Ligand code: C5P
């Protein structure tokens, strides 16, 4: 499955994390907002839809960061992470999920869903190279 993830940064450079709601796979863990691409959708359209559904924001501009495969024991996914450079609206937790903004270097890797850990590492390296 192809899963989109959006990395939104605020003016202080903090990145937005969402907590997976109870009852879902990896409930309680934190991830970059996103979700599954539907058949026929482009990656960017899927990312825009997920951000609208989960956070109520309108995607204006995003750039691909990295796409990494992950295998959750028989359940394989490609986690396709994009830097969301511009959006309209204030992110709101429309699906009952908690949200937090955190500096990438201060995020405790242990709270993240495993597939998102190498994505965060890539973001940290990209920020320090910039
Ligand atoms: O959110 P949803 O359940 O549709 O996500 C599909 C799969 O992608 C789940 O296994 C979820 O853990 C994974 N995922 C992830 N990191 C994200 C978004 C989703 O590992 N940022």
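Among 73, 40, 96, 34, which is the only one that is at positive phi and surrounded by 15 or more Cβ atoms within 10 Å (Cβ to Cβ)?
Numbers: 73 fails: surrounded by 15 or more Cβ atoms within 10 Å (Cβ to Cβ); 40 fails: surrounded by 15 or more Cβ atoms within 10 Å (Cβ to Cβ); 96 fails: surrounded by 15 or more Cβ atoms within 10 Å (Cβ to Cβ).
Every option except 34 fails the conditions.
Looking at the structure I just gave you, is residue 116 near the ligand (Cβ under 10 Å from one of its atoms), out of contact with any helix residue (DSSP H, G or I) (no Cβ under 7 Å at 6 or more places or on another chain) and closer than 17 Å to residue 14 by Cα? Full working, then the answer.
Working: near the ligand (Cβ under 10 Å from one of its atoms): yes; out of contact with any helix residue (DSSP H, G or I) (no Cβ under 7 Å at 6 or more places or on another chain): yes; closer than 17 Å to residue 14 by Cα: yes.
The answer is yes for residue 116.
Name the residue that is nearest to residue 126 (Cα to Cα), counting only residues in region 4-39 that are part of a strand (DSSP E or B) and near the ligand (Cβ under 7 Å from one of its atoms). Give the derivation first.
Residues of region 4-39 part of a strand (DSSP E or B): 4-9, 15-19, 30-31, 34-36.
In the following step, the residues that additionally are near the ligand (Cβ under 7 Å from one of its atoms) were identified as 5, 31, 34-36.
On the way: 5: 16, 31: 18, 34: 20, 35: 23, 36: 25 Å.
So the residue we want is 5.
For region 75-98, which residues satisfy the criterion of being within 13 Å of the ligand (Cβ to nearest atom) and either touching a helix residue (DSSP H, G or I) at 6+ places or on another chain (Cβ under 6 Å) or part of a strand (DSSP E or B) (or both)?
76, 77, 78, 79, 80, 81, 82, 84, 95, listed by residue number.
Looking at the structure I just gave you, is residue 43 more than 13 Å from the ligand (Cβ to nearest atom) and in contact with a helix residue (DSSP H, G or I) (Cβ under 7 Å, 6 or more places away or on another chain)?
Details: more than 13 Å from the ligand (Cβ to nearest atom): yes; in contact with a helix residue (DSSP H, G or I) (Cβ under 7 Å, 6 or more places away or on another chain): no.
It is false that residue 43 is more than 13 Å from the ligand (Cβ to nearest atom) and in contact with a helix residue (DSSP H, G or I) (Cβ under 7 Å, 6 or more places away or on another chain).
Which count do you get for residues in region 56-70 that are within 13 Å of the ligand (Cβ to nearest atom) and either under 18 Å from residue 18 (Cα atoms) or surrounded by 12 or more Cβ atoms within 10 Å (Cβ to Cβ) (or both)?
Qualifying residue count for the region: 5.
Do you know which residues across region 58-74 are in contact with a helix residue (DSSP H, G or I) (Cβ under 7 Å, 6 or more places away or on another chain) and within 13 Å of residue 9 (Cβ to Cβ)? First the steps, then the outcome.
Of the residues in region 58-74, the ones in contact with a helix residue (DSSP H, G or I) (Cβ under 7 Å, 6 or more places away or on another chain) are 58-59, 62, 65-66, 68, 70.
62, 65, listed by residue number.
Are any residues in region 17-29 surrounded by fewer than 20 Cβ atoms within 10 Å (Cβ to Cβ), in contact with a strand residue (DSSP E or B) (Cβ under 7 Å, 6 or more places away or on another chain) and either in contact (Cβ under 8 Å) with a residue 12 or more places away in the chain or farther than 19 Å from residue 109 by Cα (or both), and if so, which ones? Let's see the steps before the verdict.
Taking region 17-29 as the starting set, the residues that turn out to be surrounded by fewer than 20 Cβ atoms within 10 Å (Cβ to Cβ) are 19-29.
Among the residues that remain, those that are also in contact with a strand residue (DSSP E or B) (Cβ under 7 Å, 6 or more places away or on another chain) are: 19-20, 28-29.
Residues satisfying the conditions are 19, 20, 29.
Where a number appears in this text, it was derived from the coordinates with a stated rule and is not lab data. Because the structure is predicted, anything quoted here is derived from the model rather than measured. Note that each Cβ is placed from the backbone with ideal geometry, even for glycine, and that neighbours are counted across all protein chains shown.
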